[in-house]
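This report concerns only the one structure given below.
The values are calculated or read from the model by the stated rules, or taken from the named source; none is laboratory data. In this text the structure is predicted, and so the values were computed from the model without any measurement. Cβ: placed from backbone, ideal geometry, glycine included. Neighbour counts: every protein chain shown.
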Amino acid sequence: MECSEKPIWNRDYTKEELEKLTVHAPDPEIYQKVLTCWDHVAKPIDGMGRFETLTAQIGAIQGTDRIDISKKAVIIMCADNGIVEEGISQSGQEVTAAVAKNMGNQRSSVGKMAEAIGADTIPVDIGIRQKEKIPGVLSQKVRCGTRNFRKEPAMTEEEVLAAIFTGVEMVSACKGQGYRILATGEMGIGNTTTSSAVAAALLGCEASEVTGRGAGLNDEKLLHKQQIIAEAIERYALKGADAFEILRTVGGLDIAGLTGVCIGGALFHVPIVLDGVISMAAALLAERLVPGTRAYLLPSHKGKEPAAEKLAAELGLEPVIDGRMALGEGTGAVMMLALLEMALSVYQDSSTFLDIQVEQYERFTAR
């Protein structure tokens, strides 16, 4: 089943149909054309470093060397996690709804940062435990939080598919509204536990290698968190399991929604800027489910969680920002949007060697 530029999307796809989707690689000719344009800008060869290849990737995804990311947004998937019952977080589930409410009011950290760079925030209730609709938050609730994976699988197959398709359809809708680039964000107490469990299973690592302190656990609580993840991986036989089964048993609705956002970026040719460890876990799930998705993803920052570095390496992505951030919400991805805007200001508006009547630098080595 090949997808076209505007694939026919069916919310009723089964797991098997989802895994049969294919994506076309970004345009290699446009990629090279953007790099050539960079070489004509009056600066040393490769003077803008990785921003030259990152913007070339955006151009190849968009299918043009006239790159435009002026209309941009961060999609923030908000959901609760049943595993919080096991004391793996300093906070209770009520905090998810409280922060989502703040996002709806445009008063959250990511909202302030996005406003500063002219990006829109789109908070999505994909699985908050609270039943009442939150003003300013898009209601796409699959269920009121996942189940406690220490006791039973976090989701059913139908719930996973519904969450993935929500993410895909968000990208489709955003592209229809003229958005040229999207960033990923999330909010959900307990989601460093779910993302660490997903990472451990996908990477074949021990839980202790990829599980960090989240919002600030002490040593005793950290060990407890690691043990719960290790027990779940053993109980569900997740080492060597397929990506969908890993997501279903120990994942979260926010991760599943972001998995859909990544897949949607590949299907609808929209560049997706990843945030931290939760986004990275979703990205690797998306790549395993629909190979080729990775080419549509851009890294942002290297978070504090130990899984982040391993997930980035597996995806072949190298984060640009190393600020030891651990805020989540999409804040690192929004910072990356700002950096990309600045890089593109050089690409689009700077003088060429011809303009300043200086002989152009020659390229002697491959990029």
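Annotations
Condition check ((1) in contact with a helix residue (DSSP H, G or I) (Cβ under 6 Å, 6 or more places away or on another chain); (2) of a type in the set (S, T, N, Q); (3) farther than 27 Å from Ala295 by Cα) across all residues:
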residue: Glu186; (1), (2), (3): yes, no, no
residue: Asn191; (1), (2), (3): yes, yes, no
residue: Ser195; (1), (2), (3): yes, yes, no
residue: Asn218; (1), (2), (3): no, yes, yes
residue: Leu223; (1), (2), (3): no, no, yes
residue: Ile233; (1), (2), (3): yes, no, yes
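- Among the residues listed as Asp12, Asp39, the single one being in contact with a Lys or Arg (Cβ under 8 Å, 6 or more places away or on another chain) and either farther than 20 Å from Leu317 by Cβ or exposed (fewer than 15 other Cβ atoms within 10 Å of the Cβ) (or both): Asp39
- Selection count, region 255-289, where residues are at pLDDT 95 or above, crowded, with 24+ Cβ neighbours inside 10 Å and not in a helix (DSSP H, G or I): 5
- When Arg294 is tested against the conditions (1) among the charged types (D, E, K, R); (2) surrounded by 23 or more Cβ atoms within 10 Å (Cβ to Cβ); (3) farther than 22 Å from Pro123 by Cα; (4) under 11 Å from the mean Cα position of the chain (by Cα), the lone failure is (2).
- Selection count, region 175-207, where residues are over 19 Å from Ala97 (Cα atoms) and polar (S, T, N, Q): 3
- Candidates Ile134, Ile75: the one that is surrounded by 21 or more Cβ atoms within 10 Å (Cβ to Cβ) and either among the β-branched types (Val, Ile, Thr) or touching a His at 6+ places or on another chain (Cβ under 9 Å) (or both) is Ile75.
- Condition met for Arg129 (without any contact (Cβ under 8 Å) to a residue 60 or more places away in the chain, assigned to a loop (DSSP other than H, G, I, E, B) and basic (Lys, Arg)): yes
- Scanning region 305-346 for residues that are surrounded by 20 or more Cβ atoms within 10 Å (Cβ to Cβ) and among the hydroxyl-bearing types (Ser, Thr, Tyr) yields a total of 1.
- Asp46 meets all of the listed conditions (1) in a helix (DSSP H, G or I); (2) surrounded by 15 or more Cβ atoms within 10 Å (Cβ to Cβ); (3) at pLDDT below 95 but one, namely (1).
- Among the residues of region 228-242, the ones that are assigned to a loop (DSSP other than H, G, I, E, B) and of a type in the set (Gly, Ala, Ser) come to 3 in all.
- Scanning region 135-165 for residues being more than 26 Å from Ile88 (Cα to Cα) and touching a strand residue (DSSP E or B) at 6+ places or on another chain (Cβ under 6 Å) gives a total of 4.
- Members of region 313-367 found to be modelled with pLDDT under 95, over 21 Å from the mean Cα position of the chain (by Cα) and hydrophobic (A, V, I, L, M, F, W, C), listed by number: Val346, Phe353, Leu354, Ile356, Val358, Phe364, Ala366
- Selection of region 49-60 for residues being closer than 19 Å to Ala266 by Cβ and surrounded by fewer than 17 Cβ atoms within 10 Å (Cβ to Cβ) yields only Thr53.
- Among the criteria (1) of a type in the set (A, V, I, L, M); (2) modelled with pLDDT of 95 or more; (3) not in a helix (DSSP H, G or I), the one Ala60 does not fulfil is (3).
- Matching residues, region 35-87, being within 21 Å of the chain's Cα centre (by Cα) and hydroxyl-bearing (Ser, Thr, Tyr): Thr53, Thr55, Ser70
- Ala241 vs. criteria surrounded by fewer than 21 Cβ atoms within 10 Å (Cβ to Cβ), at pLDDT 95 or above and among the hydrophobic types (A, V, I, L, M, F, W, C): yes
- Count - residues of region 204-227 that are part of a helix (DSSP H, G or I) and either free of Cβ contacts under 8 Å to residues at least 12 places away in the same chain or under 22 Å from Ala163 (Cβ atoms) (or both): 4
- Which numbered condition Gly178 fails, given (1) over 21 Å from Arg11 (Cα atoms); (2) of a type in the set (Gly, Ala, Ser); (3) not in a loop (DSSP other than H, G, I, E, B): (3)
- Flag if Ala119 is touching a residue at least 60 places away in the same chain (Cβ under 8 Å), farther than 29 Å from Gly216 by Cα, within 19 Å of the chain's Cα centre (by Cα) and buried (at least 19 other Cβ atoms within 10 Å of the Cβ): yes
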